[in-house]
Every structure is written in C-alpha cells, then in structure tokens.
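Asker: I have a structure here, written as structure tokens, and I will follow up with some questions on it.
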Amino acid sequence: MSSKLFGHLIAASLLVALAGCSKTDTADVVAVEPQQAATPAAGAQATLATGVGGEPAAVIQGACPQVFLTDETAVHRAYAKGGTDDPMKILYQASFGDQTRQCTQSATSLTVNIVAQGRVVLGPVGTPGTVTLPIRVTARDEDQVLYDQVRPITVEIPATGTTQFVFTDSNVTIPAGAGADAKVYIGFDKGGKTDKKKRN
C-alpha cells in the first residue's frame, strides 16, 4: 500500500472518528417487547419493564444508556519500534465506526449489550497478520464509575491491507434505575498493549 493511499485512509478514518466524538450511537435501536411498546406520556420518565417472574425484560429506549466515543480513544495506531508518532512508521491503524446497544432490565440491574463496528488498515511498514486490540468499555453516572473493563479482540488483517471487525460486550451491567443518567464510553485502551502475533 503506498504512503499516499494510506494518508488518504488515515484522513478519512479520522474524519469519521471526529464526526462521531460526541454522540455516536446514531442507530438508537432498543428492542421493546410488544406489551411495552406504548408511548409514555409527554414529559414523563420512561418506565423500566420487568419480565414475568422477575426474568429480564427488554426496556424502552429512554432508559437505555447511550454509547459515546471520544477523540482520544476512537483511533489507535501501532508503530514500528522507535517510530512513535512517525506516520511513515505506522504498522496499522484501527478505528471505530458505528455503535449501537440493547438493554435488558432485571429486578436489581440493567444490562447493556454493546455492538460496535470498526476497521483496521495496514500502515506503510505493516504486514498482513493477526493483531490484538485492547478495547475498553466504561459506564459512568457523572463521576461514578459503574462498569470498567478491557475486552481484547483479535483481528486478522488480510493481504489486501484492510478489514472490518465487529466488537461486542454483552455484560455491561449497572444498577437498576441508573440507565437514564448513565453514559457508556467505548474506545481503545491507551494503557494496554497491542501486539502482532502472527505474520504471513
């Protein structure tokens, strides 16, 4: 892949990341069971639903925390040894695209299932192979951390030099009733390490 083409790909991915750095959960899709589909009264707080016998039930959209990206964690670049911040020494770049979520409510907790799409592109000195990306998911209610986990994902970069991946975390669990005020953040963990495990 030429450095000129890679430069265009970096610019395009950065535009996607910056465009979505505030609220990127544009799909806003949350499953609602048929009996819960009635629209709440204007100005009323969305009511959380609990299934029969205390089993988890889908909750309406207003009670499901939104998913956000930040500029600092939306894009990750891995560099060759000694080449940090040198665009010509990039091994690969990973970035996030769209995110969505679905929530279920139990008597004591709200569980958020996060699904995010991303892309990995080889850099000027990169080669095809398997990379591991450390992805951090954090749920907050203002300054209170409700959930914080790093979930590594393995991605195979083909000879074409670019591929997409889908990340899921179905275990984002926060206290019942916290959903309306909480925010979920997804991004690449800057404290973790990515490594090139295999090369073709």
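Asker: Name every residue in the stretch 123-138 that is under 17 Å from the mean Cα position of the chain (by Cα) and aliphatic (A, V, I, L, M), in order of residue number. Please lay out each step first, then the result.
Answerer: Of all residues in the stretch 123-138, those under 17 Å from the mean Cα position of the chain (by Cα) come to 132-138.
Matches in the stretch 123-138: Leu133, Ile135, Val137.
Asker: Could I ask something else about it? Mind listing whichever residues of the stretch 41-95 are at pLDDT below 90 and assigned to a strand (DSSP E or B)?
Answerer: Hits for the stretch 41-95 are Ala57, Ala58.
Asker: Name the strands (runs of 3 or more DSSP E) wholly inside the stretch 119-200 in which the number of residues that are modelled with pLDDT of 95 or more and over 18 Å from Ala80 (Cα atoms) is 3 or more.
Answerer: Of the strands (runs of 3 or more DSSP E) lying wholly inside the stretch 119-200, those with at least 3 residues that are modelled with pLDDT of 95 or more and over 18 Å from Ala80 (Cα atoms) span 129-141, 144-157, 162-175, 183-188.
Asker: OK, next. Does Phe188 count as buried (at least 21 other Cβ atoms within 10 Å of the Cβ) and of a type outside the set (D, E, K, R)?
Answerer: yes
Asker: Here's something else I'd like to know. For the condition over 17 Å from Arg77 (Cα atoms), touching a strand residue (DSSP E or B) at 6+ places or on another chain (Cβ under 8 Å), of a type in the set (Lys, Arg) and crowded, with 20+ Cβ neighbours inside 10 Å, what is the one hit in Arg101, Arg151?
Answerer: On inspection, the qualifying residue turns out to be Arg101.
Asker: Evaluate the following for Ala182: is it aliphatic (A, V, I, L, M), in contact (Cβ under 8 Å) with a residue 40 or more places away in the chain and surrounded by fewer than 13 Cβ atoms within 10 Å (Cβ to Cβ)?
Answerer: Judged against the criteria, Ala182 is not a match.
The values are calculated or read from the model by the stated rules, or taken from the named source; none is laboratory data. Keep in mind that this is a model prediction, so the values were computed, not measured. Counting neighbours? That spans all protein chains shown, and the Cβs are built from the backbone with ideal geometry, glycine included.
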